[in-house]
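A short write-up of the structure that comes next.
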Amino acid sequence: LTAATKKIAKGHYQVELDVNRSDEIGELAAHFSEMTRGLEQLEEMRQQFVSNVSHEIQSPLSSIKGFAQTLQMKDLTKEQQQRYLNIIVAESNRISQLSKQLLLLASLDNEQVYMEKMKYDLAEQIRQVVFMLEWSWREKDMMIELDLPPIHIYGDPKLLQQVWINLLTNSIKYTHKGGTITISLLADDEYCHVIIQDNGEGIKEQDLPYIFNRFYRGDKARRRDDQNSTGLGLSITKKIIDLHEGNIRVQSTINEGTTFHIYVPYE
Ligand code: ADP
């Protein structure tokens, strides 16, 4: 056990303990092995995370570099110049969005995350978010149906606002032109229950277990190389709901639509 502890302190997690005892030392050895496996997984996740971040930053940066170099060539028409500049602006926005989301995730990961909880009307907040995003759903000729009776909850309004923005933005993004989104609020026994339903493209059954993972993006988001898609939105959403000791579930059928159920305790 002493030798194994030293190895782990140096960052080597592949330690095998050959202890077959049923006394306290045996129990300690079993817990020790469990802890080692946990640390190893954590290390793997950390490395994966760093490599994802690097990749996500690298691709918009190479595109900015490429188009900036093209712009240095003198024989370009005004239209071509404008087109390349627009791409540079869009890619810079993407990096900026990514770094904002990463900072938010880092602050949420902090064990002592400081929540500023207060009692407020959730219905009013959701209505404001719908209003805030009006330009994007109007642009796609979408209909938003609201069933929002006033319900007061005790939570961090800034963080929860991020949840509704992420979920509604996704519904708008992954629903075709002219689609419909319905947002309802129900007062269950212990939880306030928010339902966000769209009749968009839906999520493949095999993708469902992964959509809350960091950097996970569905096929289309990846293929489209969507400027606004980082694969972080839902992981931030879930983290905020977890911090409120709530729950989030998803139901989806491909080509029919997706429904998110969010449960937030009143207190
Ligand atoms: P992204 O930045 O790609 O939207 P998210 O974490 O918000 O990242 O979502 C992860 C993936 O889940 C998306 O890439 C998309 O494939 C899928 N998804 C999320 N919300 C919806 C929805 N309302 N309809 C269909 N697919 C969705």
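The values are calculated or read from the model by the stated rules, or taken from the named source; none is laboratory data. These figures come from a predicted structure and were not determined experimentally. Quick reminder, even Gly has a Cβ in these numbers, built from the backbone with ideal geometry, and neighbours come from all protein chains shown. Accessible surface is based on the protein model in full, side chains and every heavy atom, while ligands, DNA and RNA are left aside. Shrake-Rupley method; radii C 1.70, N 1.55, O 1.52, S 1.80 Å.
Things worth noting here:
- Candidate set from the range 78-92 (those that are free of Cβ contacts under 8 Å to residues at least 40 places away in the same chain and aliphatic (A, V, I, L, M)); member that is farthest from Ser229 (Cα to Cα): Leu85
- When the test is whether a residue is open to solvent by less than 40 Å² (accessible area, probe 1.4 Å) and either at pLDDT 95 or above or not β-branched (Val, Ile, Thr) (or both), Asp225 does not pass it.
- Residue among Ile211, Ile196 that alone is within 9 Å of the ligand (Cβ to nearest atom), open to solvent by less than 40 Å² (accessible area, probe 1.4 Å) and free of Cβ contacts under 8 Å to residues at least 60 places away in the same chain: Ile211
- The listed residue being over 28 Å from Cys192 (Cβ atoms), surrounded by fewer than 17 Cβ atoms within 10 Å (Cβ to Cβ), more than 16 Å from the ligand (Cβ to nearest atom) and free of Cβ contacts under 8 Å to residues at least 60 places away in the same chain, out of Glu139, Glu116, Glu134: Glu139
- Filter result (in a loop (DSSP other than H, G, I, E, B) and surrounded by 13 or more Cβ atoms within 10 Å (Cβ to Cβ)) within the range 88-113: Val113
- Annotation note: of Lys177, Lys158, the sole residue that is among the basic types (Lys, Arg), more than 10 Å from the ligand (Cβ to nearest atom), open to solvent by 20 Å² or more (accessible area, probe 1.4 Å) and over 18 Å from the mean Cα position of the chain (by Cα) is Lys177.
- Verdict on Gln58 being at pLDDT 90 or above, within 17 Å of Leu232 (Cα to Cα) and open to solvent by less than 60 Å² (accessible area, probe 1.4 Å): no
- Taking the criterion of being part of a strand (DSSP E or B) and not hydroxyl-bearing (Ser, Thr, Tyr), the residues of the range 127-177 that qualify are Met143, Ile144, Glu145, Leu146, Asp147, His152, Ile153, Gly155.
- In the range 53-69, the residues that are in contact (Cβ under 8 Å) with a residue 24 or more places away in the chain form Cβ pairs under 8 Å with partners that are of a type in the set (S, T, N, Q), at six or more places apart or across chains, as follows: Glu56/Thr230; Pro60/Ser92; Ile64/Ser92.
- Considering Gly233, Gly246, Gly257, the condition of being in contact (Cβ under 8 Å) with a residue 24 or more places away in the chain, surrounded by 14 or more Cβ atoms within 10 Å (Cβ to Cβ) and farther than 25 Å from Leu105 by Cα is satisfied by Gly257 alone.
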